[in-house]
Amino acid sequence: MQRLISPSLIRRSLQRQSHHCYTTVAAQTQQDTYFQNPHFQQEVLVEGRAFSRAAILNRPAKLNAVTTSMAGRLQRLYESWEDNSQIGFVTMKGNGRAFCSGTDMVTIYRLLQEGNDAACKEFFRTLYQFIYLIGTYLKPNLTILDGITMGGGAGIAVPGMFRIATDKTVFATPEVQMGFHPDAGASFYLSRLPGYLGEFLALTGERLNGPELVACGLATHFSLNAKLAWIEERLGQLMTDDPSVISESLAQYGDLVYVDKNSLLHKIDRIDKYFCHDTVEEIVDALKAGESHDELCSTALKKLKEASPLSLKITLQSIREGRFQPLDQCLAREYRTSLHCISKQVSGDFCEGIRARLVDKDFAPKWDTPSLEAVTKDMVDLYFAPLSISEPELNLPTALREPFM
């Protein structure tokens, strides 16, 4: 089938080449290493169909936790597929029992212990740039959220055009329990959920299942895990780049969604009542006031007590600011916060949280700021402050790829 190349794709390709001319020699050398190393290429496999491509996250032993090399390879693949007129749409999925469990925090921890902050910065920069690419992608793109989908894994999935949840999907943003903040675009998509559900999920790390993701808008379609292979086979036969055709196919092949009667989505009015307040202290007070007669309160309080008090305050401010910012501004702000986290200038909670949950697994973090009262406004504000003159801000190609609200 002969196809004309879209003028916008030609213009985008030429502009992208110009943008890449400014890549530093060090970064380019690192990228060349990724291209040449077969191990890195095996971390993201490619599956070809007649008129589509699929990227397969392939670190099943690590629950497909994303690394710098994986994010970089995904960026290059998606850019090349966007420019290829013989490819109509693209898909991303995971190998094993997870789509993606998020950032490879153990690797981040080890790099920080070695004093290699530069490699950590490169990770966040590479990941956030790929998320922006997904969020502004010109072609229809699907993500199959089968299995564990958490943190940065949600970040690379939610900006996509179509998100297919399954009966195996487990979604969460548990970063506050590791002394971090929900990043990778979380302040953008969580802040746009109904009511104050985003604040609730960000501050408690509570999990959602597949039907709940569809019901609240984080997923667009639902399928039983047992039917995925059949659905992928049908999608692979499509010869289209029309989003409406793909949407109709997903609706035809997918399953109806039934939210369990005990789902927290049925408690949204109570969630709004408790999490609508301006400060974390006020949220805690509201939960304590309802604890005697509402099980939701006692469960939420338990989760909040497990989290870093500093992270709770940073996260609430991040979600509230994200509600009024487009994707690029959310990512740029989150990048600042992430770099301030790894700098340990105010607190070492990030490293301590990873140690307690993922390295030593004693689940007994010793936070630098052990109470909400110990966290001052100045401390929180520093995590939102511009980076130093010697530290470049996140560079997103907003002139080439228009951000959206």
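Assorted remarks:
- Scan of the range 236-250 for residues that are open to solvent by less than 90 Å² (accessible area, probe 1.4 Å) and either farther than 17 Å from ALA165 by Cα or under 25 Å from the mean Cα position of the chain (by Cα) (or both), ordered by number: GLY236, LEU238, THR240, ASP241, ASP242, PRO243, SER244, VAL245, ILE246, SER247, LEU250
- Candidates ARG76, ARG16, ARG11 - the one that is modelled with pLDDT of 95 or more, surrounded by fewer than 18 Cβ atoms within 10 Å (Cβ to Cβ) and either in a helix (DSSP H, G or I) or touching a helix residue (DSSP H, G or I) at 6+ places or on another chain (Cβ under 9 Å) (or both): ARG76
- Within the range 301-323, being touching a residue at least 40 places away in the same chain (Cβ under 8 Å) and either hydroxyl-bearing (Ser, Thr, Tyr) or out of contact with any helix residue (DSSP H, G or I) (no Cβ under 8 Å at 6 or more places or on another chain) (or both) holds for SER308, SER311, THR315, SER318.
- LEU203 of a type outside the set (Asp, Glu) and farther than 17 Å from TYR253 by Cβ: yes
Matching residues to (1) surrounded by 18 or more Cβ atoms within 10 Å (Cβ to Cβ); (2) closer than 24 Å to GLY153 by Cα:
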| position | (1), (2) |
| --- | --- |
| SER191 | yes, yes |
| LEU197 | yes, yes |
| LEU201 | yes, yes |
| THR204 | yes, yes |
| GLU212 | yes, yes |
| LEU224 | no, yes |
| ASP255 | no, yes |
| ASP260 | no, no |
| GLU295 | no, no |
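- In this structure, ALA154 does satisfy being within 26 Å of VAL280 (Cβ to Cβ) and open to solvent by less than 10 Å² (accessible area, probe 1.4 Å).
- Looking only at the range 151-180, and only at residues there that are within 15 Å of LEU127 (Cα to Cα) and outside any helix (DSSP H, G or I), the one that is farthest from the chain's Cα centre (by Cα): GLY160
- Test: residue in the range 235-245 that is farther than 30 Å from SER85 by Cα and in contact (Cβ under 8 Å) with a residue 12 or more places away in the chain: no
- Selected residue (only one of ALA172, ALA186, ALA165 is in contact with a helix residue (DSSP H, G or I) (Cβ under 6 Å, 6 or more places away or on another chain), at pLDDT 95 or above and among the small types (Gly, Ala, Ser)): ALA165
- Residue, farthest from ALA186 (Cα to Cα), within the range 93-121, restricted to residues that are among the acidic types (Asp, Glu) and surrounded by fewer than 21 Cβ atoms within 10 Å (Cβ to Cβ): GLU114
- Some residue of the range 123-143 being without any contact (Cβ under 8 Å) to a residue 60 or more places away in the chain, under 15 Å from the mean Cα position of the chain (by Cα) and open to solvent by 30 Å² or more (accessible area, probe 1.4 Å): no
- Subset of the range 167-189 [surrounded by fewer than 24 Cβ atoms within 10 Å (Cβ to Cβ) and either within 16 Å of MET150 (Cβ to Cβ) or in contact with a Lys or Arg (Cβ under 6 Å, 6 or more places away or on another chain) (or both)]: LYS168, VAL170, ALA172, PRO174, GLN177, TYR189
- The set of residues from the range 79-92 being assigned to a helix (DSSP H, G or I) and either surrounded by 19 or more Cβ atoms within 10 Å (Cβ to Cβ) or in contact with a helix residue (DSSP H, G or I) (Cβ under 9 Å, 6 or more places away or on another chain) (or both) comprises GLU79, TRP81, GLU82, ASP83.
The values are calculated or read from the model by the stated rules, or taken from the named source; none is laboratory data. All of these numbers come straight from a predicted model, not from anything done at the bench. With ideal geometry, Cβ positions are generated from the backbone for all residues, glycine too; neighbour counts draw on all protein chains shown. Areas reflect the complete protein model, heavy atoms only, side chains present, ligands, DNA and RNA absent. Shrake-Rupley method; radii C 1.70, N 1.55, O 1.52, S 1.80 Å.
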